[in-house]
Amino acid sequence: MNIAIIDDLNTDRKTITKHLHTYFSKHYSGIALFIHTFESGEAFLRVFQQDSFDFIFIDYYMDGLSGLDTARAIRAVDSSVILIFTTASRDYAVDSYKVKASGYLVKPILYGDFSEILSLIDLHQIRNRRFIEIINGYEKVKILLKDIIFCDISGHYVQIHTESLGLQRTRMTFSELVRLLKAYREFLVCYRGCLINMNQVHHIDDFTFFMNGGERIPLRKKEQHEILEAYSRFLFEKAREQYL
């Protein structure tokens with residue numbers, strides 16, 4: 001999960017980072033966090049692109065571009081990213097709703113308040129809209145992660161087998177594909193040149209994954225037990241989240 005923290009005070013950036021690690025380790029331990037910090041709205045907007053972040057924490061009061069103006073610039077590009085304001089005063093809480101903010105945290109930020117705000121956000125919905133973008137021939141194609149069944153290689157191409165878009169092919173190495181998907185816990189390498197979406201597994205039998213699309217994906221013999229353990233951990237964390 002990609003998260004941005006925009007705050008001109010290093011101590012506050014560290015506090016939010018600490019709270020994020022605490023919250024996700026407690027409630028969503030299987031999710032990898034990639035936290036990016038910025039000292040100003042200007043610094044953030046220089047690198048910001050649509051769909052590049054899942055959460056953005058924004059300090060309302062900053063030198064230069066204000067938090068509200070930063071949020072307006074974000075909304076001009078991305079209408080769905082989660083925005084959470086942080087501030088030393090409650091006076092401007094109403095303004096946060098003008099940019100469809102999901103929360104408003106008053107400094108000093110206590111973990112209890114932080115946890116309460118995040119508990120109101122539907123993380124499952126966030127994950128369901130994640131996607132990757134590839135080049136298939138001369139066309140850019142966006143593929144929802146939940147739509148991917150499994151991926152394998154054919155020559156110099158990666159083949160992405162999907163539910164709704166059929167077979168998509170793109171010229172990249174398997175290592176590049178693994179790096180692209182490493183942030184998402186649902187993907188598991190079964191053998192050299194093949195990875196699966198564990199959410200798409202129908203059942204497993206005789207060291208073979210039977211996928212929802214009917215495909216059979218064998219496990220690498222030398223690592224069968226490690227792969228099965230990884231799959232079991234994934235199922236446990238997935239079941240655990242349903243009760244949080």
For the chain, built as a Gaussian network whose Cα springs stay under 10 Å, the top-fluctuating residue of Val81, Val47, Val141
Val47
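In the chain, which helices (entire DSSP H runs) extend 20 Å or more along their own long axis, judged by Cα positions, while averaging at least 1.6 on the Kyte-Doolittle scale? Mind showing how you got there, number by number?
Details: long enough: 10-27 (26 Å, -1.48); 224-241 (26 Å, -0.80).
Length and hydropathy pass: none found.
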Ranking Leu181, Asn197, Ile217 by how far each Cα lies towards the positive end of the charge dipole of segment 132-241 (+1 on Lys and Arg Cβ, -1 on Asp and Glu Cβ), the top one is Leu181
Quick one: Ile132, Ile196, fewest Cβ neighbours within 10 Å first, how do they rank?
Ile132, Ile196
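Normalising by the residue count of segment 132-241, find the relative contact order in percent from Cα pairs under 8 Å and 6+ residues apart. Present the calculation step by step, with values, prior to reporting the outcome.
Numbers: 157 pairs, mean separation 20.0, N = 110.
After rounding, I find 18 percent.
Assigning unit charges at the beta carbon (Lys, Arg +1; Asp, Glu -1) and nothing else, what dipole magnitude in debye, to the nearest 20, does the chain show about its Cα centre? Write down the numbers at each step before the final one.
Working: 30 positive and 31 negative charges, 104 e Å.
Value, rounded to 20: 500 debye.
Within a 10 angstrom radius of the beta carbon, how do Leu105, Leu228 rank from fewest other beta carbons to most?
On the way: Leu105 20, Leu228 14.
Sorted ascending by nearby Cβ count, the order is Leu228, Leu105.
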Would you look at the GNM of the chain, springs on alpha carbons closer than 10 Å, and say which of Asp54, Asp122, Asp147 moves the most?
Asp122
Based on DSSP H runs of at least 4 residues, each adding -39500 (n - 2.57), what is the mean residue ellipticity at 222 nm of the chain after dividing by all its residues, to the nearest 500 deg cm²/dmol?
-9500 deg cm²/dmol
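Would you mind ranking Phe53, Phe209, Phe34 so that the residue whose beta carbon has the fewest other beta carbons within 10 Å leads the list? Display every interim value, and only then the final one.
Details: Phe53 20, Phe209 24, Phe34 12.
In order of increasing Cβ crowding within 10 Å: Phe34, Phe53, Phe209.
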Row for the chain, column shape: gyration tensor on C-alpha, a ≥ b ≥ c, rounded if a/c < 1.5 i.e. under 1.5, prolate if a/b over b/c, else oblate; value prolate
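Please state the charge dipole magnitude for segment 94-185, taken about the Cα centre, from unit charges on C-beta atoms (+1 on K and R, -1 on D and E), reported in debye and rounded to the nearest 20.
180
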What Kirkwood hydrodynamic radius, in Å, does segment 38-133 give when the mean of 1/r is taken over all pairs of distinct Cα atoms and then inverted?
14.0
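Give the percent of DSSP beta bridges with both residues in the chain that are antiparallel, rounded to the nearest 5.
Numbers: 31 of 49 bridges.
Looking only at bridges with both residues in the chain, the antiparallel portion is about 65 percent.
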Neighbourhood charge, 9 Å Cβ-Cβ cut-off, centred on Tyr157 and excluding it, Lys, Arg +1 and Asp, Glu -1
+2
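Computed from the coordinates by the stated procedures, all read-outs in this text should not be read as laboratory data. Fair warning: this is a prediction, and the values are worked out from it, not measured in the lab. FYI the Cβ positions are ideal-geometry reconstructions off the backbone, even for glycines, and counts take in every protein chain you see.
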